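Below is one structure, written out as structure tokens; comments come after it.
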Amino acid sequence: MTRRLLMGSEAICEGAIAAGVRFYAGYPITPATEVAEFMSARMPQVGGSYVQMEDEMGSFAAAMGASCAGVKAMTASSGPGLALMQEEIGHAIAGEIPVVLVNVGRHGPGIGNATGSAQMEVMQAKYGPNGDCPMIALSPSTIEEAFWLTVKCVNLAERYRTPTILLTEGLLALQRSVVDLPDYGKVETWERPRPEGAPSEYANPYMATSLTAVPPMGDFGTGYRSIFRTGGIQPQHGAKMTRFEAQHFSTTRLNQKVEAHRDELALTEALQTEDADVLYVAFGTQFHPARAAMQMARAKGIKAGVLRLITIWPFPDKAIRQAAQHAKLAVVPEMNLGQLRGLVTQALAGSGIRIDGVNHVNSLTITPQEILAKTEDMLR
Amino acid sequence: MRMEVRFAGTGGQGLVKAAAVLAHALGVEASYEVVQTQFYSGQISGGPSCGDVVLGDSAIEYPWVMHPDILVAMSQPSVYDHSANVVPGAKVLVDDIMVTDVATIPAGVEIYWAPFTRLGDEAGFRKAANVAALGVFASFSGLLSYAQIEQAVVKLAPGNRKINLAALRLGFDARPNPHVRKLGEASAYVAPAFRGV
Amino acid sequence: MSTVIATQAVAKPNPMANLDELVEQYGRVPAEHFRYCPGCGLGMAQSALMRAFQRLQIDMSQVAGAGGSGCYSIMGHYLNMGVLHGGHGRGAAMATGMKLANPHLTVVNLQGDGDSLSIGGNHTIHAARRNIDVTVVMFNNFGYGDTGGQYGATTPKGSFTETSPYGMPEEPFDACKLMIGAGATFVARSTVYHAVHLTKVLAEAIAWKGFSFVEVMQHCHVLWGKRNGMPKATDMLNYYRDNSVFSTPNLKREEQEGKFVLGVLHKQARPEFTEEYAKIRKLAAARAGGQGLSPLNTGGAV
């Protein structure tokens, strides 16, 4: 254990290194630049590589290339950069190439306020790329958690052979706190499934035997000559299929391989939700005001509870329904105009629970007082 | 125990750095729990900027500064910007040449004039004012020994060590002057509109 | 003709080498059929590329390819190497990632003229600037073939395409000049008509330490040729024969006018990126004092 003052961005980098990331390609963008700065110093120290690419598409593409060469790869960006990367994210999903993307949220649309934090990439993270895409996106609330969720993002990207997003915010990435870092040798790391048979028997990296299978991936230079393709119809297992059946199978499988594990992927933290009349659903940095509001409400005799979403995608709708069992109303504090609220409304459809939000798009964190005021207003 | 500290001023004065050094001193050299946050505008220098530290003896549940217990104001605009956030019982340290008007600071708040910028000049470099402010803060608050804050400066501010340590020593030994309010100055307490960062 | 080309001391190519053997070792035969149009220059270019690998006796398990979108992009599937067939134009960036992550790989980036000069122009010129040891093979077919023959950045002025029904109003890029300007350390051009020469420059480019760029004039008689009075593959091959001139030190300006200048046009060694980066790794590891893997202060980076 090493006790030291760590910036959010630094915790993310250290988490990546602990999880085995050895390649970083990036393009500067506020407020994700610090990730690139730390990585430029750290990657060569641990025998990895850092390269500053010419744009965000290039950054993600270089990370994909490195991943195919067998090295765990990462990139980071923020809203406008994430928009540019969507093409490559879609390609990585289609080609089943593990890459970790750190998105440090900022105010938008457009350039917005570059130094202003926000949580505006909730929907962009999942629905940005064209086509039906699975997505795994995790969101940390504290710096220590940023370390561990980065490890998790790397591990999940490898296990499921799909890009994952660490959905964080300027507020957290630029925060500093004292963190106890573990011995990196003891951090659990997962590897992508790799082929075991003779190279001559290896046909391609998409030989799936079922709709939920993650087929083995032969890295370049290992003798397994993989053809990674991000387009066309992925060739499938030996079963005889028409082109149309194969297209259906491969598109469905890309989604099913993640969807089938929804229960273990959808992580949440519930605080006093067992008897809650009022449910606060929050994620990332806005968990803190929600928790403070819960304590203030409880002190006033209002039975409030908080459900913190650690996983944003796949969306933990089951956990929300579970936490809202006794709830009469739900309040969703978030730093956008209601992206999460829409998802919560969808999850609680037909329950009769009244749902409202506290929304900030001024980059100032939501205060517990505002959440409490909204609660009292709704209870009135 | 929870205490909120804010260094406010103009971009370029090294306020975020000061907050980071303070957080290290409190969290690593001493054994408080700390969270350090910041706010700055797009410009590299010249815009409003502040570095915040929240410290406590148990895990900090709310990481942002709501009402600073100690506000270090290094520029006139920062006094205007943050006056509404300080509540009675708080202490405000203002730079004695960069700030002239403290009338907006509510009654019940103790105001002290401190020579941050002048101490920076005396140490040989005006921009060492932030390090001088750290020295002033350490002795003024009584939270840190000289050795602890010195260690943090050496580790996190590896610039010109000679000037930095000179400024730190000068700051640590300085005694800020309490401000005596003129009659009628900020007599009415204005309920603060909360402005988080 | 071939005496004027810059050559390296390599064995003389044998154009009559057994094709089956070549394909077996360096190529991959598709399950159904080759998806090149009959007479397409891509087949000729692929055979030259395979022969280049053969001349260099390259272990194909250590070759990685990157490619984007275009008629040529299927070629990666027909070569016996690892391939990442990704987004349109991102080939150079993907190749940069592969080479930097594993410098032992021989990385070949197949590109179309749309990839290199339009959508992925930025990636290609920056790869050239970095001088990363990647070979970019650009197939120039005068436009966008995969989408049905629209004009592109290489379409000759005045020629007819799907989207220039009144004649192309714009000037084309000279891809080789662009790459020389961007800092490529090896730049060459050849055509599929000059198959032996093409093999030679491809082999030289792959063996080159640093960024190498080869523009392969590869005809599309189906889309471009048909609309410009050259409907047969042989028409276009003759067009290349009649309109090419080999680069020599004494080649006069007027002799180049309106011609494709073939040969190795630029060759100037410069430190290679992955080797330079290896030095950075050493430096960083030394500064970390062997403590790289323990949580380390980066020296107050912020």
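Numerical summary
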read-out: Residues of segment A:5-27 classified as among the charged types (D, E, K, R) and either more than 20 Å from residue A:175 (Cα to Cα) or not assigned by TED's automatic domain parsing to the domain that holds residue A:166 (or both), total; value: 1
read-out: Residue A:126, sole failed condition from (1) at the interface with chain C (Cβ under 8 Å from one of its Cβ atoms); (2) on the phi < 0 side of the Ramachandran plot; value: (1)
read-out: Of the criteria (1) within 30 Å of residue A:50 (Cβ to Cβ); (2) in contact with a helix residue (DSSP H, G or I) (Cβ under 9 Å, 6 or more places away or on another chain); (3) among the acidic types (Asp, Glu), which one residue C:275 fails; value: (2)
read-out: Count of residues meeting criterion [outside any loop (DSSP other than H, G, I, E, B) and acidic (Asp, Glu)] in segment C:241-272; value: 3
read-out: Qualifying residue in segment A:252-263 (condition: within 12 Å of another protein chain (Cβ to nearest Cβ) and either closer than 26 Å to residue C:59 by Cβ or of a type outside the set (Gly, Ala, Ser) (or both)); value: no
read-out: Helices (runs of 4 or more DSSP H) enclosed by segment A:247-366 - at least 1 residues per element that are within 24 Å of the chain's Cα centre (by Cα) and under 20 Å from residue A:377 (Cα atoms); value: A:287-299, A:339-347
read-out: Any hit, segment A:371-380, residues being buried (at least 16 other Cβ atoms within 10 Å of the Cβ), within 25 Å of the chain's Cα centre (by Cα) and modelled with pLDDT of 95 or more; value: no
read-out: Residues of segment B:130-142 satisfying the condition of being buried (at least 23 other Cβ atoms within 10 Å of the Cβ) and over 11 Å from the mean Cα position of the chain (by Cα); value: none
read-out: Condition check for residue A:286: assigned by TED's automatic domain parsing to the domain that holds residue A:64, under 30 Å from residue A:76 (Cα atoms) and at pLDDT 90 or above; value: no
read-out: Per-region count, segment A:327-380, residues aliphatic (A, V, I, L, M) and either within 14 Å of chain B (Cβ to nearest Cβ) or over 16 Å from residue A:309 (Cβ atoms) (or both); value: 14
read-out: Segment B:154-168 - residue that is part of a helix (DSSP H, G or I) and at the interface with another protein chain (Cβ under 9 Å from one of its Cβ atoms) and, of those, nearest to residue B:22 (Cα to Cα); value: B:156
read-out: Residue among C:120, C:91, C:76, C:97 that is of a type outside the set (Lys, Arg), at pLDDT 95 or above and more than 19 Å from residue A:98 (Cα to Cα); value: C:120
read-out: Subset of segment C:172-231 [in a loop (DSSP other than H, G, I, E, B) and either of a type in the set (Val, Ile, Thr) or closer than 16 Å to residue C:272 by Cβ (or both)]; value: C:183, C:184, C:185, C:192, C:208, C:209, C:210, C:211
read-out: Total residues in segment C:51-99, condition of a type in the set (S, T, N, Q) and either under 19 Å from residue A:67 (Cβ atoms) or within 7 Å of chain A (Cβ to nearest Cβ) (or both); value: 4
read-out: Some residue of segment C:259-282 being over 30 Å from residue C:130 (Cβ atoms) and of a type outside the set (Phe, Trp, Tyr); value: yes
read-out: Residue under evaluation residue A:303, criteria (1) out of contact with any His (no Cβ under 9 Å at 6 or more places or on another chain); (2) of a type in the set (Lys, Arg); (3) touching a residue at least 12 places away in the same chain (Cβ under 8 Å), criterion not met; value: (1)
read-out: Segment A:7-20, residues that are among the hydrophobic types (A, V, I, L, M, F, W, C) and within 11 Å of chain C (Cβ to nearest Cβ); value: A:7, A:11, A:13, A:17, A:18
read-out: Filter result for residue A:129 (under 12 Å from the mean Cα position of the chain (by Cα), in contact (Cβ under 8 Å) with a residue 40 or more places away in the chain and in a loop (DSSP other than H, G, I, E, B)); value: no
read-out: Given (1) polar (S, T, N, Q); (2) at the interface with chain C (Cβ under 8 Å from one of its Cβ atoms); (3) touching a strand residue (DSSP E or B) at 6+ places or on another chain (Cβ under 9 Å), number of the condition residue A:45 does not satisfy; value: (3)
read-out: Filtered residues of segment B:80-95 (kept if in a helix (DSSP H, G or I) and among the hydrophobic types (A, V, I, L, M, F, W, C)); value: B:84
read-out: Condition check for residue C:301: modelled with pLDDT under 95 and touching a Phe, Trp or Tyr at 6+ places or on another chain (Cβ under 7 Å); value: yes
read-out: Hits in segment A:143-184 (condition: modelled with pLDDT of 95 or more and part of a loop (DSSP other than H, G, I, E, B)); value: A:161, A:162, A:163
read-out: Residue count, segment A:52-93 (criterion: surrounded by fewer than 24 Cβ atoms within 10 Å (Cβ to Cβ), facing chain C (nearest Cβ under 10 Å) and more than 18 Å from residue C:123 (Cα to Cα)); value: 3
read-out: Hey, residue C:147 free of Cβ contacts under 8 Å to residues at least 40 places away in the same chain and closer than 20 Å to residue C:40 by Cα or not; value: yes
read-out: Number of the exception - residue C:117 against (1) aliphatic (A, V, I, L, M); (2) touching a residue at least 60 places away in the same chain (Cβ under 8 Å); (3) not in a helix (DSSP H, G or I); value: (3)
read-out: Residue A:218 vs. criteria within 11 Å of another protein chain (Cβ to nearest Cβ), in a loop (DSSP other than H, G, I, E, B), under 27 Å from the mean Cα position of the chain (by Cα) and not basic (Lys, Arg); value: yes
read-out: Yes/no for residue C:253 being surrounded by fewer than 17 Cβ atoms within 10 Å (Cβ to Cβ), away from chain A (no Cβ under 14 Å) and either touching a Lys or Arg at 6+ places or on another chain (Cβ under 8 Å) or at pLDDT 90 or above (or both); value: no
read-out: So residue B:183, is it surrounded by 14 or more Cβ atoms within 10 Å (Cβ to Cβ) and at pLDDT below 90; value: no
read-out: Extreme residue, nearest to the other protein chains (Cβ to nearest Cβ), among residues of segment A:21-42 that are of a type in the set (Ser, Thr, Tyr) and in contact (Cβ under 8 Å) with a residue 40 or more places away in the chain; value: A:30
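The values are calculated or read from the model by the stated rules, or taken from the named source; none is laboratory data. Bear in mind the structure is a predicted one, so any value in this text is a computation, not a measurement. We place every Cβ from the backbone using ideal geometry, glycine too, and count neighbours over all the protein chains shown.
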